[in-house]
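The values are calculated or read from the model by the stated rules, or taken from the named source; none is laboratory data. If you're wondering where the values come from, they're calculated on a predicted model, not measured in any experiment. Counting neighbours? That spans all protein chains shown, and the Cβs are built from the backbone with ideal geometry, glycine included.
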Amino acid sequence: MSGSTALEAAPHVDSALLQRLENRISVPADRDRIEVRAPFTGEVLGTVPDATATDVAEAVERARRAQRRWAEMGLAARSRILTRFHDLLIDNADIAMDLLQLEAGKARVPAFEEVFDTVATTRYYLNTAPRLLRRKRRAVSLPGFTSAWEYQHPIGVVGNITPWNFPFTLSISDIIAALIAGNGVVVKPDEKTPYSAVFGATLLDEAGLPADVLQVVSGYGETAGSALIDEVDFINFTGSTEVGRIVSAHAGKRLVAASMELGGKNATVVLSDADLSRTIPGVARAVYANGGQLCIAMERIYVAETVLDDFIARFVDYSRSLPMTAMFDFSSGLSAMIDSEHLDRVHSHVEDAVAKGATLLTGGKPRPDIGPTFYEPTVLTEVGDDMLLCRSETFGPVVSVYGFSTVEEAVALANDSEYGLNFSVWTSDTDRGVEIASDLHAGTVGVNDGYAAAWSSYDAPMGGMKASGISRRHGEIGLLKFTESQTIAVQRVIPAFAPPFGIGYGLYQRLLGHMLKLLRRLPFYK
Ligand code: NAD
């Protein structure tokens with residue numbers, strides 16, 4: 001690093017900015033304080049207040065009052081503000097990226113990915129919201145007598161609970177859709193990484209977001225997070241499957257809808273015809289992105305036996321060559337682990353596997369010479385079902401490689417997981433790749449790509465099957481989930497679903513039966 005502390009080394013962030021961000025948090029400053037540390041060095045960057053349940057309830061109440069005015073402003077006025085935010089974020093990207101490197105220990109590449117993902121998501125919803133939110137005429141049973149329209153209303157106040165691994169985009173890009181639909185929002189970022197979310201809020205303020213529409217509360221999950229679920233009208237949760245189950249049950253008790261983006265144990269299938277010169281760097285990118293602390297990163301690689309030895313030798317070489325630095329530039333390939341507790345968890349998965357007979361081909365060690373929580377890119381083979389690495393999410397730069405003899409076997413192995421988040425297939429025959437992809441039980445599958453193609457296809461929904469989630473972000477659903485749909489129907493002359501002109505129900509039943517059989521033959525009749 002080019003300074004004695006991480007904060008000194010960060011070119012676009014100083015303590016005055018951190019102080020300004022702390023002041024933007026919607027929790028009284030005199031509460032107990034939570035230390036926020038820089039993973040690159042372990043130094044304390046600053047402190048944020050530990051919100052009580054009352055603080056959270058008050059933040060939601062402020063957002064609720066402001067939301068009504070925000071919804072009444074109309075889509076065009078809201079879009080003008082979010083367009084300014086889009087441009088402001090591009091202009092201030094370096095600050096956001098520095099903050100992400102500082103508080104999350106990220107290499108600059110995943111910091112860049114987060115920030116520009118938020119820009120692109122904002123653009124996508126600015127372009128699609130007019131179509132998605134406008135009143136839609138709906139088909140009716142009695143054309144000419146009934147007219148029906150579907151309206152999209154904001155739900156009210158959305159609570160967004162987010163993890164530490166992508167703290168900017170998960171806190172901000174998801175709520176762009178909620179805001180554009182006219183909702184108020186309260187974000188509860190992870191206590192380890194609050195600053196980047198608050199920075200996003202300050203850019204929205206600067207863009208003209210009315211006061212109080214967006215609140216950011218700092219605090220722990222069991223207290224502040226839980227209190228948020230008690231108050232809001234919709235929960236947008238991203239985090240572990242374990243906590244997702246608790247959050248989902250809590251939201252269920254209140255009968256508020258919840259969107260769940262959860263964990264994974266993602267699998268890559270490498271076919272015998274894959275071009276290894278492209279596949280090796282592509283798979284490595286998907287394994288080591290953000291030091292493996294990416295929900296859609298790959299932790300299992302299944303390789304056709306005919307190319308297994310070649311793949312392993314080249315993948316191990318490639319993994320060893322990845323640069324790892326604690327620098328505020330694009331030189332590093334790997335992020336630090338978020339904290340020493342997580343480093344220990346990652347290392348324990350490797351130690352458990354080695355103790356039970358797995359073969360460690362490279363890595364398997366912390367790198368305190370670079371920073372207190374860096375961990376080497378790690379590749380193992382001979383990983384058995386009794387090892388933690390086999391089925392539990394490791395969430396570090398650690399991958400297991402397995403062989404397969406038939407594609408059916410590879411698909412069965414990949415699908416043999418409680419999770420189904422993001423998989424990939426590598427082959428020279430992309431049509432075959434797409435066919436295999438459709439047999440994989442995962443919410444997104446990349447063909448000749450590990451995660452970025454699906455992630456950056458904003459018009460397509462993104463999320464998990466099985467224990468990896470409920471609902472989706474991106475696409476139409478990523479906006480419409482933040483709305484209540486309302487049907488308004490107008491009936492004229494004769495009643496709907498009741499006998500007209502004084503005829504009895506017996507005759508009406510027969511006439512209706514004949515009519516429905518006729519209508520079934522009309523392809524345009526819905
Ligand atoms: P986590 O589940 O421990 O925490 C996530 C958030 O939930 C934090 O803000 C935390 O404070 C809060 N929380 C904890 N207990 C709570 C409770 N009882 N009530 C309400 N809120 C509570 O997750 P993490 O360790 O911060 O993040 C890593 C996990 O997130 C991994 O499993 C990863 O796969 C997953 N993740 C998923 C996606 C996705 O889109 N599917 C994206 C990023 C991360």
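Of the residues making up the range 178-195, at least one is more than 15 Å from VAL60 (Cβ to Cβ), in contact with a helix residue (DSSP H, G or I) (Cβ under 6 Å, 6 or more places away or on another chain) and either outside the structural domain of MET97 (by TED's automatic domain parsing) or free of Cβ contacts under 8 Å to residues at least 60 places away in the same chain (or both).
Scanning the range 19-44 for residues that are under 26 Å from the mean Cα position of the chain (by Cα) and crowded, with 20+ Cβ neighbours inside 10 Å turns up LEU21, GLU22, ILE25, SER26, VAL27, VAL36, ARG37, ALA38, PRO39, PHE40. Just one of the listed residues (VAL425, VAL398, VAL445) is more than 16 Å from the ligand (Cβ to nearest atom) and either touching a Phe, Trp or Tyr at 6+ places or on another chain (Cβ under 6 Å) or aliphatic (A, V, I, L, M) (or both), and it is VAL425.
The sole residue among PHE497, PHE423, PHE501 that is more than 30 Å from VAL185 (Cα to Cα), touching a helix residue (DSSP H, G or I) at 6+ places or on another chain (Cβ under 7 Å) and either surrounded by fewer than 20 Cβ atoms within 10 Å (Cβ to Cβ) or not charged (D, E, K, R) (or both) is PHE423.
The condition of being aliphatic (A, V, I, L, M) and either in the same structural domain as ILE370 (by TED's automatic domain parsing) or modelled with pLDDT under 95 (or both) holds for only one of VAL232, VAL243, VAL316, that being VAL316. Taking each residue of the range 443-457 that is surrounded by fewer than 22 Cβ atoms within 10 Å (Cβ to Cβ) and looking for partners that are of a type in the set (Val, Ile, Thr) and not in a strand (DSSP E or B) with beta-carbon atoms closer than 6 Å, six or more apart or interchain, yields VAL447/THR430; VAL447/VAL434.
What about GLN486, is it outside the structural domain of TYR124 (by TED's automatic domain parsing), more than 16 Å from the ligand (Cβ to nearest atom) and touching a strand residue (DSSP E or B) at 6+ places or on another chain (Cβ under 6 Å)? So that I can check it myself, show each step before the final result.
Values: outside the structural domain of TYR124 (by TED's automatic domain parsing): yes; more than 16 Å from the ligand (Cβ to nearest atom): yes; touching a strand residue (DSSP E or B) at 6+ places or on another chain (Cβ under 6 Å): yes.
Against the criterion (outside the structural domain of TYR124 (by TED's automatic domain parsing), more than 16 Å from the ligand (Cβ to nearest atom) and touching a strand residue (DSSP E or B) at 6+ places or on another chain (Cβ under 6 Å)), GLN486 qualifies.
Within the range 219-228, being near the ligand (Cβ under 7 Å from one of its atoms) and surrounded by fewer than 24 Cβ atoms within 10 Å (Cβ to Cβ) holds for TYR220, GLY221, GLU222, SER226.
Go through the residues of the range 471-485 one by one and say whether even a single one is over 30 Å from GLY384 (Cα atoms), assigned to a strand (DSSP E or B) and of a type in the set (Ser, Thr, Tyr).
Step one: filter the range 471-485 for residues over 30 Å from GLY384 (Cα atoms), giving 471-485.
Now drop any that are not assigned to a strand (DSSP E or B), which leaves 473, 483-485.
From what is left, the residues that are of a type in the set (Ser, Thr, Tyr) are 483, 485.
Checked the range 471-485: at least one residue is over 30 Å from GLY384 (Cα atoms), assigned to a strand (DSSP E or B) and of a type in the set (Ser, Thr, Tyr).
For GLY371, the requirement of being at pLDDT 95 or above, more than 26 Å from the chain's Cα centre (by Cα) and of a type in the set (Gly, Ala, Ser) is met. The residue pairs whose first member lies in the range 210-228 and is at negative phi, whose second member is near the ligand (Cβ under 9 Å from one of its atoms) and assigned to a helix (DSSP H, G or I), and whose beta carbons are closer than 6 Å, counting only pairs six or more residues apart or on different chains, are VAL217/ALA224. Strands (runs of 3 or more DSSP E) fully within the range 119-181 that include at least 1 residues being within 16 Å of the ligand (Cβ to nearest atom) and surrounded by 24 or more Cβ atoms within 10 Å (Cβ to Cβ): 157-161.
This table checks each residue for (1) near the ligand (Cβ under 10 Å from one of its atoms); (2) under 18 Å from the mean Cα position of the chain (by Cα); (3) surrounded by fewer than 17 Cβ atoms within 10 Å (Cβ to Cβ).
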| site | (1), (2), (3) |
| --- | --- |
| PRO194 | yes, yes, no |
| GLU206 | no, no, yes |
| ALA211 | no, no, yes |
| VAL217 | no, no, no |
| VAL232 | no, no, no |
| ASN236 | no, yes, no |
| GLU242 | yes, yes, yes |
| HIS250 | yes, no, no |
| LYS253 | no, no, yes |
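Against the condition at pLDDT 95 or above and surrounded by fewer than 18 Cβ atoms within 10 Å (Cβ to Cβ), how does ARG391 come out, does it pass? Spelling it out, ARG391 is indeed at pLDDT 95 or above and surrounded by fewer than 18 Cβ atoms within 10 Å (Cβ to Cβ). In the same structural domain as LEU82 (by TED's automatic domain parsing) and under 20 Å from ALA71 (Cα atoms): does that describe ILE175? Yes; evaluated as a whole, the condition is true for this residue.
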